[in-house]
Amino acid sequence: MIVSVSAVLLLSIVVVVLLRQRTVGIGSALACGAFGFCLASTGIAPAITDALHAVAGLASLH
């Protein structure tokens, strides 16, 4: 749970920075967000969660 909250915060910061730099438009950011919600309801969501946990575990090893 903590990893997913951290990932959401990090990714939201990235989206805000990209929007402020006008690298992506609001429509593109909303489309990516909608895609993420749809992806979370598919069968691949547990694999993505496991991959994020593995990356977080590697990052915590220093």
Checklist outcome for this item: Excluding ligands, DNA and RNA, the carbon-plus-sulfur percentage of the accessible area of the range 6-62 with a 1.4 Å probe reads 75 percent
Checklist outcome for this item: Counting only backbone N atoms under 13 Å from a point 7 Å out along Cα-to-Cβ of THR49, the residues of the range 1-39 in range are 1-5
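How much mean residue ellipticity at 222 nm does the chain get from its helices, if each DSSP H run of length 4 or more adds -39500 (n - 2.57) and you divide by all residues, to the nearest 500 deg cm²/dmol?
-26500 deg cm²/dmol
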Checklist entry - Using a basic spin-label model with each label point 7 Å from the Cα along Cα→Cβ, how many nm lie between ALA7 and ALA56? => result 0.8 nm
Checklist entry - How big is D for the chain, in µm² s⁻¹ as a whole number, if Stokes-Einstein is applied with the Kirkwood radius of its Cα pairs at 37 °C and 0.692 mPa s? => result 252 µm²/s
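The values are calculated or read from the model by the stated rules, or taken from the named source; none is laboratory data. Treat the numbers as computed from the prediction; the structure is a model and nothing was measured. Neighbour counts run over all protein chains shown; Cβ positions are idealised from the backbone, glycine included. Just so you know, the surface numbers come from the protein's heavy atoms only, side chains and all, with ligands and any DNA or RNA stripped out. Shrake-Rupley method; radii C 1.70, N 1.55, O 1.52, S 1.80 Å.
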